[in-house]
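First the structure, which I've put down as structure tokens, then a few questions once you've had a look.
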Amino acid sequence: MEQLLNIQFLSHEEVCELTGARTKAGQILNLKKNGVRHTIKVNGWPSVTAMAVTAVGMLEAEKPEWKPRKAS
């Protein structure tokens, strides 16, 4: 049985606190400037997952080990 991910989004007030802005444009500008992953909802307000601000770097892809192609 597949396990469903429980994605949690920040509330409007939490996004206001995070960005220091209360307008759509101000929030989006601040999120972009600080590199916070977000999407824009149909109503124009940004949507930020809790993981975008709490789990930075936790899901980095593993870097493959470098191996020379030259035969020894």
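What is the residue count in the stretch 40-72 for residues that are modelled with pLDDT of 80 or more and surrounded by 12 or more Cβ atoms within 10 Å (Cβ to Cβ)?
10
Then there's this: Report the residue count in the stretch 1-49 for those that are of a type outside the set (A, V, I, L, M, F, W, C) and assigned to a loop (DSSP other than H, G, I, E, B).
15
Could you list, in sequence order, all residues of the stretch 5-16 that are more than 13 Å from the chain's Cα centre (by Cα) and closer than 13 Å to ALA50 by Cβ?
Listed by number, the residues that qualify are LEU5, ASN6, SER11, GLU14.
The values are calculated or read from the model by the stated rules, or taken from the named source; none is laboratory data. What you are looking at is a predicted structure, and each value in this text was computed from that prediction instead of being measured. Methodologically, a virtual Cβ is constructed for each residue, glycine included, from the backbone with ideal geometry; neighbour enumeration extends over all protein chains shown.
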